């Protein structure tokens with residue numbers, strides 16, 4: 001009896017570089033690397049960039065090389081410049097046409113790369129992502145990103161409005177990243193979200209968020225997501241940066257801008273609530289109308305590209321010198337803001353305001 005030949009080991013590898021920025025990740029970097037080594041479809045290389053760690057992250061990563069199962073492990077040391085700079089350094093060093101991102105305190109499930117590349121190839125997508133677990137305070141919950149982005153007629157508008165794709169779920173063509181100059185290192189936070197909007201804004205690169213849970217994101221005291229106020233400021237800047245580009249996908253980009261600003265403040269309030277910081281949470285909710293007002297003024301009066309000139313000069317969002325019309329729009333908008341903030345504030349305490357929500361049909 002002739003035994004079957006073992007499968008060709010080369011077929012278990014994909015032309016992928018895994019990028020891992022790391023800062024003081026001695027306790028978690030081995031977990032992240034192990035999750036890569038255990039992939040059913042393995043990457044050609046893993047690039048760890050130690051971003052000025054003061055613990056033994058560098059040494060811990062290098063010691064793991066013997067367990068990488070024929071995957072090339074490249075470990076680089078640089079001075080502390082932030083996650084965006086670390087990812088850019090890894091992109092320069094990478095040799096493969098496809099990039100997969102993983103943070104040093106997160107992990108993948110074994111079929112993450114296999115399933116991601118299957119979807120990328122089957123739909124000719126430039127960028128794919130998926131659902132994942134978020135782990136905070138010992139509690140696990142599923143972040144259903146697929147439901148957010150696959151509803152409605154434009155996934156890009158959904159991406160802009162709802163603003164969350166976990167970086168460790170993303171697999172993307174390298175040329176898409178390099179063509180846009182890499183990550184914006186001037187942003188202290190949310191560089192990844194800025195990048196996804198930048199590479200997809202012209203509508204020529206299709207992307208997919210598919211409905212499979214293939215990763216775990218851990219929220220720790222030192223993680224990027226824990227810098228609540230800094231993230232608020234960066235997300236507002238990014239929202240304004242790409243508001244005009246929404247005109248490719250929707251006739252009323254100003255509405256998407258309002259939706260995005262509202263979502264940013266609500267997410268910030270929820271983050272403070274999770275940290276048991278009630279005064280900060282209430283403060284954020286009261287800052288919401290001001291944030292909406294500023295965003296509207298900047299959208300109305302900043303010069304815009306030609307492709308949106310017909311929108312900002314329309315009767316609804318006129319930028320002419322008709323001060324009376326502008327005042328009417330502002331007053332109506334302020335009334336809407338007051339209503340929105342009341343609903344948002346009640347939502348934060350919905351356990352006490354459930355009868356009101358039942359009357360409004362918002363339960």
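The values are calculated or read from the model by the stated rules, or taken from the named source; none is laboratory data. Keep in mind the model is a prediction, meaning the values are calculated, not measured. Every residue, glycine among them, receives a Cβ derived from its backbone with ideal geometry; neighbour counts consider all protein chains shown.
Can you name every residue in the range 241-265 that is within 16 Å of the chain's Cα centre (by Cα) and surrounded by fewer than 21 Cβ atoms within 10 Å (Cβ to Cβ)?
Of everything in the range 241-265, those that are within 16 Å of the chain's Cα centre (by Cα) and surrounded by fewer than 21 Cβ atoms within 10 Å (Cβ to Cβ) turn out to be 241, 263.
Can you spot a residue in the range 117-126 that is closer than 15 Å to residue 177 by Cα, touching a strand residue (DSSP E or B) at 6+ places or on another chain (Cβ under 7 Å) and in a loop (DSSP other than H, G, I, E, B)?
Our first condition is that a residue be closer than 15 Å to residue 177 by Cα; within the range 117-126, this holds for 125-126.
Filter again for touching a strand residue (DSSP E or B) at 6+ places or on another chain (Cβ under 7 Å), leaving 125-126.
Still in the running and in a loop (DSSP other than H, G, I, E, B): 125-126.
Yes; the residues of the range 117-126 include at least one that is closer than 15 Å to residue 177 by Cα, touching a strand residue (DSSP E or B) at 6+ places or on another chain (Cβ under 7 Å) and in a loop (DSSP other than H, G, I, E, B).
Taking the condition of being surrounded by 22 or more Cβ atoms within 10 Å (Cβ to Cβ) and in a loop (DSSP other than H, G, I, E, B), how many residues in the range 104-114 meet it?
Kept after step one, since they are surrounded by 22 or more Cβ atoms within 10 Å (Cβ to Cβ), are these residues of the range 104-114: 104-108, 112-113.
Then drop every residue that is not in a loop (DSSP other than H, G, I, E, B), which leaves 104-106.
Of the residues in that region, 3 qualify.
With respect to residue 133, determine if the residue is in contact (Cβ under 8 Å) with a residue 12 or more places away in the chain, within 23 Å of residue 29 (Cβ to Cβ) and either part of a strand (DSSP E or B) or in the same structural domain as residue 172 (by TED's automatic domain parsing) (or both). So that I can check it myself, show each step before the final result.
Working: in contact (Cβ under 8 Å) with a residue 12 or more places away in the chain: yes; within 23 Å of residue 29 (Cβ to Cβ): yes; either part of a strand (DSSP E or B) or in the same structural domain as residue 172 (by TED's automatic domain parsing) (or both): yes.
Criteria met by residue 133.
For residue 10, state whether it is at pLDDT 95 or above, under 20 Å from residue 117 (Cα atoms) and either part of a helix (DSSP H, G or I) or not assigned by TED's automatic domain parsing to the domain that holds residue 128 (or both).
Working: at pLDDT 95 or above: no; under 20 Å from residue 117 (Cα atoms): yes; either part of a helix (DSSP H, G or I) or not assigned by TED's automatic domain parsing to the domain that holds residue 128 (or both): yes.
So residue 10 fails the test.
Out of all the residues in the range 281-295, which are over 21 Å from residue 257 (Cβ atoms) and surrounded by fewer than 16 Cβ atoms within 10 Å (Cβ to Cβ)?
Step one: of the range 281-295, the residues over 21 Å from residue 257 (Cβ atoms) are 281-283.
Of everything in the range 281-295, those that are over 21 Å from residue 257 (Cβ atoms) and surrounded by fewer than 16 Cβ atoms within 10 Å (Cβ to Cβ) turn out to be 282, 283.
Yes or no: residue 135 modelled with pLDDT under 95 and more than 24 Å from residue 180 (Cβ to Cβ)?
Numbers: modelled with pLDDT under 95: yes; more than 24 Å from residue 180 (Cβ to Cβ): yes.
Here the answer is yes, as residue 135 does meet what is asked.
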